1. Lys630: which lysines have alpha carbons under 19 Å from its alpha carbon, excluding same-chain residues fewer than 8 sequence positions away?
2. Could you check how much of the accessible area of segment 371-525 is carbon and sulfur, as a whole percent, using a 1.4 Å probe?
3. Over its Cα atoms, what ratio of radius of gyration to 2.2 N^0.38 Å does segment 141-218 give?
4. So, in nm, how far is label Trp174 from label Lys649 when the simple model puts each one 7 Å beyond its Cα toward the Cβ?
5. I'd like the FRET efficiency for Leu196 and Glu62, computed as 1/(1 + (r/R0)^6) with the beta carbon distance as r and R0 of 60 Å, rounded to 0.05.
6. Name the residues of segment 320-343 whose amide N is less than 19 Å from a point 7 angstrom out from the Cα of Leu300 along the C-beta direction?
7. Net charge within 12 Å of Asn424 by Cβ-Cβ distance, Lys/Arg positive one each and Asp/Glu negative one each, not counting Asn424 itself?
8. Largest first and to the nearest Å, give the Cα extent of the chain along each principal axis.
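The values are calculated or read from the model by the stated rules, or taken from the named source; none is laboratory data. Model, not experiment: these values are computed from the prediction. As a convention, Cβ positions derive from the backbone with ideal geometry for all residues, glycine included, and neighbour counts pool all protein chains shown. Only protein heavy atoms, including side chains, enter the accessible area calculation; ligands, DNA and RNA are left aside. Shrake-Rupley method; radii C 1.70, N 1.55, O 1.52, S 1.80 Å.
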Amino acid sequence: FGSSHQSDLRVAYLGIMAPQARTLVADVESQSDSVVPTESEATDATDASIEKVDKNLIIVPEDQIPPHPDDIIHKMWYETLVRLRFTLLVFLSLALMLALSLGVAMQMFFSVMVVKTLTFKVVLGIILVPLILLFSAVMVDEMIDFGLDAMDLPCFGLFRASVTSSVRSCFPSWNTRKTEIGLIILLEGLPILTGLISLPTRQGNLTWYTRFLMSYILGAVLCVYLMALLYVISHIHVGHSPLTEARMNVLWHNMGNLGDLKHVLHDVVEVADADQRRVRWLKCSSFMLAAVGVEVLVLLVFIFWKNFAFMFSGLMLTTIFMALALTAYAPRLLGKAFWLTLAFFVVLTLGLTFGTTATIPTKNTFIPTALGPGASGFGANLTEDNGLPLQFLQRPFGAKSPGYPICGMSWGNGNATGYENQLNIFDLAMLTKASYAPQGITESALGEMLNGTELEKFEVLENQPDSQIGRLVVVDLPKQKLRVMAVRGTAITEDAYADLEIYCAIAVLQFFGHVVPVLKAMPTGMVQTLLESSPARAIFDATTYAFLAKVQADAEVHKKQAAEKGFELLITGHSLGGAIAGVIATKLDVAGLGISAPGLRYQLDRMGVMESNLQHSFTVIQPTNDIVPKIDEQRGMVEWIKCDLQPIKCHSLVKTTCELWSQCGDPRGRDYRRLCSTWYSKDDMNM
């Protein structure tokens, strides 16, 4: 350019882009009183002002100004649409995959912990837990990069460069154009094909376009998983070889926009990598040997000293050694997201474990919820009873509130008439409490709660050991012609493991549902199928559900024996015992009650239960601040009751019983003062 043209461009640039420079020019003019500068002097002043503003200023000529961003977006409309669709789909798929995979890893671990003896399945489970966890964390880390790649310009540029570099190492004629064509066919073809397949099948009352849309989204999610898996494989392959890594780098920097079908001609022919690969293999082998050694130690711990802390720490250490081996093989593969995923798994597993672990009371620490009128200690003087009445039989006319509807319900034999021959909610709560009493005092504990009432002539038919998962206490009530089976909730370590094995996967899904609506994005039937077809269930189903099968077999025997005597069977339980009661009651077509029981909606297929039958058979009491009943979703009749305390206290069977008593009264006239005075005073009574 000529000097005059440069001056014109600089002045024009100042007039548009450099207000500071214009201010400097104005200041120079104001300092000269009557002297009018010539054109050359003005140009020199402008040049000087530019130098004062920024010596590094780069002037862009008019013919080199890049296109407007809006023009680029409109011109590359297909790439823009892909970026919008698949950015959302990638992160939705990421949340779903993270929830499911971590849930499966956790479920596999607790399945191992439930088993008491070393078997081939236990060995397989111990091997699979680190592998599943490693796969989950790697996929999370890579899918985050994959999602950012979908957002970038050019869209999926890193994916196309990685796949092309990996394939070209085996097929030298492969190029970016072929990769892009295959990518577009996968992006557009698989979701549409999945949607078309769903059209002939009917799903309830869903319209054809709703079915198509849901299946289209499902196909898109499946497409994301296939692409992410392909991306991980190619990334590992590319990252191991400096030559393919350099080739990928060059291709990515010269990649065209998605839809241009550009054939990138840039390539790398030779990079010295023999020494680097040898060192990487050596490190990788060392870390893998360390991982195998830790796995052997975990097996020995299982055999001789089955301890949660050592088992969990050993499996996590195995996962870390395997991750270091993978990093040695492909140094750029794992990022911070990988280690954050492992840390999240540790926190989540420990939180669920310690949140569900409980201790069974001893003979000296067990206290009945209430004392029957004929029990020793009934009506005794208490130093601190907060003014609670000795007996609160029923809510009086004109009370502050109508109480809870469940207080008016009754359970019993249709052939036994009269209210005294029917069981109320307090009777079932006392029978449920007895399942937590140590085996040696179960009968005497029942006597303290039932003596002096119409139920005092009870007979204990079955009193299982305290070490039994889902321990049963079966009681006959001859006057009421009833047989009641009470199922204990989480009281020992094995109960907690069984509880977590059943519910950890759905609990993790629900946790992520607070951030990304993974459960709402999938049909209920799909979630049920995923939980039913879990790898942990495929391996440990027979072992893990042995206790459920035993409970069902016992219940079938008791139902048959009760029918022979003209009795009816009822099943009740608290916490995990409540969920078991719901399953068994539904299968046997008898009435069931669950107090603070976790939900069963997503477990229906897994448990072999029909939802309509569950709704007819099962009643659930759910305190408002209790977390356990919020796991999964409830089906059946749900009675909400007030509880403003901490979640662990709201889960207490005694606290729930006291809340019902304070609002409704117990027609049997039991004495609740000893325990209920912990939370209630005379002013809290609905009298």
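1. Straight-distance partners of Lys630: Lys520, Lys642, Lys649, Lys655.
2. Exposed carbon and sulfur together represent 51 percent of the surface.
3. 1.47
4. Taking the simple label geometry, Trp174 and Lys649 are separated by 6.3 nm.
5. 0.70
6. 321
7. -2
8. 116, 70, 53
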